[in-house]
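A short worksheet on the structure shown next.
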Amino acid sequence: MSVANALLEEPRLDTFPRLLLHHARVRGERPATREKDLGIWQTWTWSQQAEEVRALACGLAELGFKRGDHLAIIGDNRPRLYWAMAAAQALGGVPVPLYQDAVAAEMAFVLQDAEIRFAIVEDQEQVDKMLEVMGQCPALSHILYDDTRGLRHYIQTELQSLDEVMEMGRIHDRERPEFLDGEIARGEPGDISVMLYTSGTTGRPKGVCQTHFSFITAAKSGCEFDHLGPQDSILSYLPMAWVGDHLFSYAQATVAGFTINCPESGDTVITDLREIGPTYYFAPPRVFENLLTTVMIRMEDASAVKRGMFEYFMAVARRCGAEILDGKPGVSAIDRLLYGLGNILIYGPLRNVLGMSRIRVAYTAGAAIGPDLFRFYRSIGINLKQLYGSTETCAAVCLQPDGEIKFDSVGKPAPGVEVKIAGNGEVLVRGQMLLREYYKLPADTAEAIDSEGYFHTGDAGFFDEDGHLKIIDRAKDVGKTESGALFAPNYIENKLKFFSFIKEAVAFGQGRPMVCAFINIDMGAVGNWAERRNISYSGYTDLAQKPEVYELIRGCIEKANAELAEDPVLSGSQVHRFLILHKELDPDDDELTRTRKVRRGFVAEKYAVLIAALYSGKASQFIETQVKFEDGRSGMVSAELLIMDARIFPAQKKAA
Amino acid sequence: MDKRIGEVILSFQNISLSFGGVKALTSIGFDVREHEIRAIIGPNGAGKSSMLNVINGVYHPQEGEIVFRGKTRRNMNTYESAKSGIARTFQNIALFKGMSVLDNIMTGRNLKMRSNFLLDAIYWGPAQREEIAHRKKVEEVIDFLEIQHIRKTPVGRLPYGLQKRVELGRALAAEPSILLLDEPMAGMNVEEKQDMCRFILDVNDQLGTTIVLIEHDMGVVMDISDRVVVLDYGKKIADGTPDEVRANQDVIDAYLGVAH
C-alpha cells in the first residue's frame with residue numbers, strides 16, 4: 001500500500017497527515033470515525049479514512065488547491081468535513097473552519113480576510129450563503145458541497161459536489177500515486193495547520209494561526225495527562241470552528257488514534273450520546289445543566305418509592321460520592337457500603353440514562369460552572385473536570401488532575417505550560433502551544449505576545465495555596481475598591497447567579513467604599529417559591545419588591561458572602577448592600593448584549609440614581625424607567641425600590 | 001424554471017357531487033399535469049376537500065368523468081387509487097397517536113408489503129429481508145423530513161407542526177406519484193409554514209412527485225404552486241397560473257366580498 005510507503009521511509013510523526021497515515025498502518029482496522037446515517041451507525045476504519053482523505057486531497061489538488069492556500073470548512077460535524085481538514089493539511093494548505101450558524105454577512109468578513117478560494121460546505125443552506133457573499137469575495141472560486149439535496153438545479157459553475165471531486169481525486173491518485181506522498185513528505189511541523197477565528201466579541205474576529213507542532217504538542221500533553229488512547233471514543237457535536245472541538249475531535253483524535261462519532265443531527269445529540277456511550281466527553285456547563293434539569297423533572301413525576309430512593313441515595317452521594325471518586329481517605333465503611341448499593345440502584349442507571357456509563361474523563365469549560373451542578377455529576381461517579389484555555393493557546397493551559405478537583409479552580413498548568421500572574425492580575429502563558437501569529441495582524445500579535453514570549457490572556461486570576469489557577473474575571477473588568485481590596489465583578493455576579501433564584505446580578509465597587517449589587521430575580525424559580533408560600537403577586541415588578549423575596553435574596557447573598565470571606569484574596573468583595581431591580585435586564589433595552597452579558601457601563605449610567613441611593617445609605621429609592629415591549633412599543637415602569645443590607649463576614653485566614 | 005412539467009395525467013370533466021339537496025360540486029373540470037404543484041383554493045365551504053375526496057375515491061360524483069393515466073372512468077375507488085400511487089394527508093391529522101413516528105411512517109408501506117403473515121410472525125427469511133428494505137425506505141423519509149430526533153417518540157406527544165410533518169412522511173413512504181395535501185399548513189406558525197413549504201418543494205423537485213394541495217394561506221399558494229384552480233360555492237371560478245388567478249375579478253370578489 002502506497003499509504004504506508006511514505007511512512008516507512010519517513011517515520012516522523014510531526015504533522016497531522018503523517019499521523020493519519022501512521023494510524024492507517026498500525027491500526028488500520030480500528031474505527032476512526034462513525035456517523036449515524038439513516039438510523040444506523042456507519043464506521044470508517046483508519047485505513048478507509050486515510051483513503052477518503054487521499055481522494056479528497058487529490059481531488060482538491062486537481063482543482064488547483066496549492067500549498068499555502070486556505071480552505072474554508074463550513075457545516076455541522078460531518079466526517080467529510082473533518083477529512084477535508086486533513087486533506088488540506090496533506091497538500092500543505094490551511095483549513096479555516098467557520099461557525100456554521102453565522103449569517104452570510106458574518107462569513108463574508110472571514111472569507112475576505114483569509115482570502116478564501118476554496119470552500120467545502122455541508123449542504124444547500126451553506127451553499128446559499130456562499131453564493132450570497134460571492135460578490136464581496138471575488139477570490140472565492142470553488143464551492144464544494146457534501147449533501148447534494150436541493151442543489152440539482154443550481155447552475156453556478158463554481159459549484160461541485162464532493163462526490164465528483166473525490167472521484168476525480170481517485171483517478172488522479174491512480175495515475176500519480178507518488179504525488180500525494182510527496183506533498184505529505186514536504187510538510188513541516190512549523191507549518192500552519194489551522195486557522196481558527198476568535199469569536200470577535202471584543203471587536204472584529206482575528207485569525208489565529210496555529211502550527212502542526214503547537215496543536216500536536218497540546219494534544220499530546222492532554223492525552224498523556226488523561227491517559228487517552230486508541231480505545232477511547234468521543235462524541236463530536238460542538239462547532240468545528242471552536243478551538244475545543246478542533247483539539248478534542250481532530251488534534252487529540254489524530255494524535256491518540258481514538259474514534260470520533262458524528263451525531264445524526266443537532267437535535268439527536270442526547271440520543272446519540274446514549275447509543276455511543278463515549279469514554280471521553282466535553283460539554284459547556286449549559287449542557288450539563290440541561291441534562292440535570294431533564295433528570296430532575298422526570299424524577300418529580302416518578303412514583304413515591306422511586307423518588308424516595310433517589311432522594312435518599314443522592315443524599316448519600318452528596319455526602320461521600322465525590323470523595324470516593326477522588327480516592328480520598330476518611331470515608332466510613334458504612335458510607336462506602338451505602339454508596340456501593342446506591343451505585344447499583346441509582347447512580348449506575350442514572351449514568352446510563354445520561355449516556356455517561358462509560359465516561360472516564362469529562363471536561364467542561366467556556367463559562368463558570370455552578371458548584372452544585374459540578375458536585376452532582378462528580379458525586380454520581382462521573383469524572384467531570386474543568387480546563388482553561390483559549391483559541392490562542394490551543395485550549396490547553398490548565399487542567400484539573402484526577403483526584404485534585406476543586407469546583408472553583410481550573411486546575412494546574414498542563415505539562416510544558418508556564419503560567420505566571422502579571423502585576424495587574426492578568427494571567428500570562430508561555431509554552432509550545434501558543435499561536436504563531438494573528439493572521440495579517442503583526443501589531444496585534446506583538447501586543448498579545450510580549451518580548452519574553454508570554455501570551456497575555458486578558459483574564460485575571462491568581463494561584464491558590466495548592467497551586468491551582470483560579471480565573472476570576474476579564475482583566476479589564478477587575479478593579480479595586482476604595483480600600484484597595486481586589487474587586488472582580490464577574491466573579492461575584494457568577495457566584496450570585498449560581499443560586500436558582502437569581503437570574504442576573506450587576507456588582508459595583510470600582511473605586512467605591514464597598515461592593516453593592518443590583519439583582520434580577522428568576523421569575524420562574526421565585527414565582528414557584530412564592531406560590532408554595534401563598535404569596536400573591538401580580539407580575540415581576542410586584543414580586544420583586546415583596547419583603548419575603550428580599551429576605552430570600554438576602555439569604556443567598558449572605559451565603560455568597562460567607563464563601564467569599566473564606567478566600568483571602570476576595571474577602572473584600574463581599575456584597576454590603578443590594579436592591580432588586582423592578583424590571584428584568586433586557587437586550588432590547590440595551591442592558592444586555594445579544595449573548596446575554598451585562599453591559600456594565602450602560603447599566604451604571606442608566607440607573608445612576610439607584611447606585612447613588614445604594615451608597616448614600618437610603619432605605620428606598622423611587623425610579624421610573626422606559627422599557628421597550630416586544631412589539632416595539634415603549635412604556636414606563638416605575639417603582640419604589642427597597643434597599644437592603646447584607647451581613648458581612650470577617651475575612652478568614654486559612655492556615656496554609 | 002427548468003422544471004419538467006409533463007403531460008396531463010389526471011383530468012376531470014363536468015364533475016358534480018351532491019349530498020341530498022346540497023350541491024357540493026357543480027360541473028367542475030380541470031386537469032393535473034405530471035410533476036406540477038396544483039393548488040385548489042377557495043373560501044370555506046367552497047368544495048375543496050370534497051374535490052380531493054373525489055380524486056382519491058372517497059366520494060363518488062353523480063355526474064362527470066375522470067381520466068386517470070389515459071383511462072376514463074365514472075369515479076375512482078380508494079383501494080385502486082392508493083394502489084396506483086395516490087397518497088394523501090388529512091386536514092385533521094389522522095395518525096396513530098400511541099405509535100411512534102417510525103411505526104406510523106411504516107404503515108405507509110402497507111400496500112408494498114408482500115410476505116405472508118406467518119413468516120412475518122417469526123421474522124424469518126424473506127419477511128426479514130422485506131422488513132429491512134421497508135425500514136430503509138422509512139429511514140430515508142425520516143432523513144428527508146429531518147425528523148430523526150423524534151423517530152421513537154409517540155406521535156401524540158408531538159407538537160402540531162411536527163405531527164403534520166409525520167403525516168406527510170407516512171404519505172411519502174408509499175412512494176406516491178400523486179400526493180394530495182389537505183391544508184398542509186393550517187394552524188402552523190410562520191416558521192413551521194416555511195419548513196413545510198420547503199419540504200413540499202423538495203418532494204416535488206427531488207422525487208418528481210405531482211402534488212395537489214388545498215390551502216387557505218393565499219401567500220403560500222401563490223409562492224409554490226404552478227397552477228391554481230379556484231372554487232366558490234362548488235363552482236370553478238378561475239383556473240390558471242398564480243398571477244392570472246390573482247388578477248381575476250371573480251376571485252377578488254369571492255375573497256374580498258362584493259357590494260350588491
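The numbers here are math on the coordinates, done by the rules we state, and not lab data. Because the structure is predicted, anything quoted here is derived from the model rather than measured. Here the Cβ is made from the backbone with ideal geometry for all residues, glycine too, and neighbour counts use every protein chain on show.
Using the Cβ-Cβ distance between A:Lys583 and A:Asp645 with R0 = 30 Å, the FRET efficiency computed as 1/(1 + (r/R0)^6) comes to roughly 0.85.
222 nm [θ] for chain A, helices only, -39500 (n - 2.57) per DSSP H run of 4+, per residue, to 500?
Values: 23 runs with 251 residues, N = 656.
Taking each H run of at least 4 residues, the total per residue is -11500 deg cm²/dmol.
The alpha carbon radius of gyration of the stretch A:58-121, expressed as a multiple of 2.2 N^0.38 Å, is 1.06. Coupling constants for the stretch B:97-103 follow from the phi torsions by the Karplus curve (6.51 cos²θ - 1.76 cosθ + 1.60, θ = phi - 60°), and in residue order they are 4, x, 9, 6, 4, 4, 5 Hz; glycine and proline get x.
Under the combined filter of DSSP loop state and at most 16 neighbouring Cβ atoms within 10 Å, the stretch A:409-504 retains these GluC sites (Glu not before Pro): A:Glu452, A:Glu465, A:Glu482. A DSSP coil position with no more than 16 other Cβ atoms inside 10 Å describes the following trypsin sites (Lys or Arg not before Pro) in the stretch B:1-59: B:Lys3, B:Arg4.
Only Lys, Arg, Asp and Glu carry charge here, each on its Cβ (+1 for the first two, -1 for the last two); on that basis the stretch A:479-645 has a dipole of about 240 debye about its Cα centre. Considering only A:Met644, A:Leu238, A:Gly28, and ranking their Cα positions along the charge dipole of the protein assembly as shown that arises from unit charges at the beta-carbon of Lys, Arg, Asp and Glu, the one farthest toward the positive end is A:Met644. Starting from one equal scatterer on each C-alpha and no solvent at all, send me the Debye-based log10 I(q)/I(0) for the stretch A:15-94 at q = 0.12, 0.23 Å⁻¹, two decimals. The Cα Debye sum returns log10 ratios of -0.34, -1.08. Computed across the protein assembly as shown, the Kirkwood radius stands at 32.0 Å (inverse of mean 1/r, all Cα pairs). Across the options A:Gly321, A:Thr364, A:Ser303, the greatest Cα extent toward the positive end of the charge dipole of the stretch A:272-370 (unit charges at beta carbon of Lys, Arg, Asp, Glu) belongs to A:Gly321. Among the trypsin sites (Lys or Arg not before Pro) found in the stretch B:79-121, those both in a DSSP coil and sparsely packed, with 13 or fewer other Cβ atoms within 10 Å of their Cβ, are B:Lys97, B:Arg114. The amide H of A:Lys36, built 1.01 Å from its N in the peptide plane, has A:Gln42, A:Cys262, A:Glu264 as neighbours under 5 Å, considering only residues 5 or more places off or on other chains. Counting neighbouring Cβ atoms within 10 Å and putting the fewest first, the residues A:Cys320, A:Cys394, A:Cys516 line up as A:Cys320, A:Cys516, A:Cys394.
Computed over the Cα atoms of the stretch A:295-443, the ratio of the radius of gyration to the Kirkwood radius (Rg/Rh) comes to 1.10. Note on the stretch B:10-120: semi-axes of the ellipsoid equivalent to its C-alpha gyration tensor, largest first and rounded to whole Å, are 29, 18, 14. Arranged from fewest to most other beta-carbon atoms within 10 Å of their beta carbon, A:Thr593, A:Thr391, A:Thr217 become A:Thr593, A:Thr391, A:Thr217. For the stretch B:94-175, the convex hull spanned by the alpha carbon atoms encloses 90 Å³ per residue.
Lysine pairs in the stretch A:479-645 whose alpha-carbon atoms fall under 21 angstrom of each other, counting only those eight or more residues apart or on distinct chains, come to 25.
If you average 1/r over every pair of different alpha-carbon atoms in the stretch A:479-645 and take one over that average, what Kirkwood value in Å do you get?
On the way: mean 1/r = 0.0613 Å⁻¹.
For the stretch A:479-645, inverting the mean 1/r across all distinct Cα pairs yields 16.3 Å.
Taking label points 7 Å from Cα along the Cα-to-Cβ direction, A:Ser199 and A:Ala105 give a separation of 2.1 nm. For the stretch A:158-169, putting each phi into the Karplus relation 6.51 cos²θ - 1.76 cosθ + 1.60 with θ = phi - 60° gives couplings of 6, 8, 7, 7, 4, 4, 4, 4, 5, 5, 4, x Hz, in residue order, rounded to whole numbers and with x for Gly and Pro. Per q in 0.18 1/Å, what log10 I(q)/I(0) does a Debye calculation on the alpha-carbon atoms of the stretch A:2-257 return? Normalising to I(0) and taking log10 leaves -1.56. Geometric descriptor of the stretch A:214-327, per residue, is 136 Å³ (volume of the convex hull of the Cα atoms). Eigenvalues of the alpha-carbon gyration tensor of the stretch A:403-477, scaled by 5 and square-rooted, set the equivalent ellipsoid semi-axes at 24, 14, 10 angstrom, largest first.
Tell me, what is the FRET efficiency for A:Glu548 and A:Arg298 to the nearest 0.05, using R0 = 30 angstrom and their Cβ-Cβ distance as r? Present the calculation step by step, with values, prior to reporting the outcome.
Values: r = 30 Å, r/R0 = 1.01.
FRET efficiency, A:Glu548 to A:Arg298: 0.50.
At most 15 other C-beta atoms within 10 Å and a DSSP loop state: those are the exposed chymotrypsin sites (Phe, Trp or Tyr not before Pro) I care about. Give me the longest piece of chain B that has none. Mind dumping the intermediate values first?
Details: sites that count: B:Phe96, B:Tyr123, B:Trp124, B:Tyr233.
With a cap of 15 other Cβ atoms within 10 Å, the longest stretch comes to B:125-232.
Only helical runs count toward this figure. For chain B, summing -39,500 (n - 2.57) over DSSP H runs of n ≥ 4 and dividing by all residues gives -11000 deg cm²/dmol at 222 nm. Projecting the Cα atoms of B:His134, B:Gln163, B:Leu179 onto the dipole axis of the stretch B:123-179, where Lys and Arg carry +1 and Asp and Glu carry -1 at the beta carbon, places B:Gln163 farthest toward the positive end.
When only the Cβ of Lys, Arg, Asp and Glu is charged (+1, +1, -1, -1), the dipole of the stretch B:39-180 relative to its Cα centre reaches about 40 debye.
How large is the charge dipole for chain A, taken about the Cα centre, if only the Cβ atoms of Lys, Arg (+1) and Asp, Glu (-1) carry charge, to the nearest 20 debye?
On the way: 71 positive and 90 negative charges, 364 e Å.
Using only the charged Cβ atoms, the result is roughly 1740 debye.
Give me A:His70, A:His246, B:His134, A:His582 ranked fewest to most by other Cβ atoms within 10 Å of their Cβ, as a rough exposure proxy.
Details: A:His70 24, A:His246 27, B:His134 18, A:His582 21.
Starting with the residue having the fewest Cβ neighbours, the order is B:His134, A:His582, A:His70, A:His246.
Please compute, over every Cα-Cα pair in the stretch A:151-248, the percentage with a separation greater than 16 angstrom. List each step's numbers first, then the result.
Working: 3563 of 4753 pairs.
Pairs farther apart than 16 Å: 75 percent.
Computed from backbone phi with θ = phi - 60° and the Karplus coefficients 6.51, -1.76 and 1.60, the 3J(HN,Hα) list for the stretch B:160-172 is 4, x, 6, 4, 4, 5, 5, 5, 4, x, 4, 5, 5 Hz; x is used for glycine and proline.
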